[in-house]
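Okay, structure first, notes after.
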Amino acid sequence: MKKNLALILLLILGCSEEETTDREYPRVLTKGVTNISADGTTFNAEITYSSVEILDHGFVWSSLNYDPTLDNADVISLGSLTAAGAFQATADRCMKTGAEYKMRPYAVSSGYVVYGVAVEFTSMGSKNKVQISGFQPTTGNYGEEVVIQGDFFSAIKTQNKVYFGDYKAEVIAASQNEITVRIPAFDPPNTSVDIRVEVEGSSAVSDEKFNF
């Protein structure tokens, strides 16, 4: 009887252990990069399995971080998915000719963010260049914040270099469409200057002057 009881317990524990290894998140496979050109690079991946709803999926890439994530890299978000399968996207911004980048795909489910293995590639550039559409406020003093609007900025703060005339500003926050900076000290004061944004070899100058 004791032997039978031990066998039953072993079977129950074995079943429980098997159930706990059932993943409640997607499995993401990196399938590399293709079509590297001066216009950009195509990223490829596949969600090989998912027993849960995929809330978002896409790619992250960076020249600064060996394991890029949604918090420290540029992102291409492809939205939700209803089933597993292959997916791809072309990165056509925030890449400098000749620079080394790391890319990996990601998938987001409720409570989980899963990444594929990071792969490295050498960029030949990207076709979409930095654009400045405006900034607010247009007048300010040293240490105050200015929000610059535009497109093709980097989500990585340190990849964006912002200048008020010849004076470099501190970048506080950044996304693809907006950069928040702190106004640098001017010498001499009481002057009007252009705002310039540089991202990975691409640059843009504001049409409007900033008044210090």
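The values are calculated or read from the model by the stated rules, or taken from the named source; none is laboratory data. For clarity, every value in this text was computed on a predicted model and none was experimentally measured. Heads up, the Cβs are rebuilt from the backbone with ideal geometry, glycines too, and the neighbour counts pull from every protein chain shown. Surface accessibility is based on the protein's heavy atoms, side chains included, excluding ligands, DNA and RNA. Shrake-Rupley method; radii C 1.70, N 1.55, O 1.52, S 1.80 Å.
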**OP:** Quick one: go through region 193-212 and flag any residue whose amide nitrogen is under 20 Å from the point 7 Å out along the Cα-to-Cβ line of GLN149.
**Re:** 194-198, 204-211
Original post:
Roughly how many percent of the accessible protein surface of the chain is carbon and sulfur, given a 1.4 Å probe and a whole-percent answer?
Top reply: 50 percent
Subject >> Exposed-loop-free span, longest in the chain, where GluC sites (Glu not before Pro) count as exposed if DSSP calls them loop and at most 13 other C-beta atoms lie within 10 Å >> reply: 54-143
Subject >> Distance-filtered residues of region 113-132 - backbone nitrogen under 16 Å, label point 7 angstrom along ASP71 Cα→Cβ >> reply: 113-115
**OP:** Principal axes first, then extents: for the Cα atoms of region 79-172, list largest minus smallest coordinate on each axis, whole Å, largest first.
**Re:** 52, 35, 20
Subject >> Linear extension gain, ASP39 paired with SER51, 0.36 nm per residue minus alpha-carbon span >> reply: 0.7 nm
Original post:
So how exposed is PHE87, as accessible area in Å² (1.4 Å probe, rounded to 10)?
Top reply: 20 Å²
Original post:
How big is the charge dipole of region 74-212 about its Cα centre, in debye rounded to the nearest 20, if each Lys and Arg gets +1 on its Cβ and each Asp and Glu gets -1 on its Cβ?
Top reply: 380 debye
**OP:** Determine the principal axes of the Cα atoms in region 147-192, then give the extent along each, sorted from largest to smallest and rounded to whole angstroms.
**Re:** 32, 17, 13
Subject >> Charge context of VAL181, other residues only, Cβ under 12 angstrom, K/R +1, D/E -1 >> reply: +1
**OP:** Report, by chain and number, residues whose modeled amide H sits under 5 Å from the one on GLY58, excluding near sequence neighbours (fewer than 5 apart, same chain).
**Re:** LEU78, TYR106
**OP:** Based solely on C-alpha atoms, express the radius of gyration and the Dmax of the chain in angstrom.
**Re:** 23.7, 94
Original post:
Hey, rough spin-label estimate for VAL205 and LYS161, points 7 angstrom out along Cα→Cβ, what's it come to in nanometres?
Top reply: 1.6 nm
Original post:
Relative to the longest principal axis of the chain, what angle (0 to 90°, nearest 10) does the C-alpha long axis of helix 2-20 take?
Top reply: 20 degrees
Original post:
Based on the Cα coordinates of region 129-212, what is the per residue volume of their convex hull in Å³?
Top reply: 69 Å³
**OP:** Express the accessible area of the chain per residue in Å², computed with a 1.4 Å probe while the remaining protein chains stay in the model.
**Re:** 55 Å²
Original post:
Based on the Cα gyration tensor of region 29-83, what are the three equivalent ellipsoid semi-axes, each the root of five times an eigenvalue, rounded to whole Å and given largest first?
Top reply: 22, 15, 10
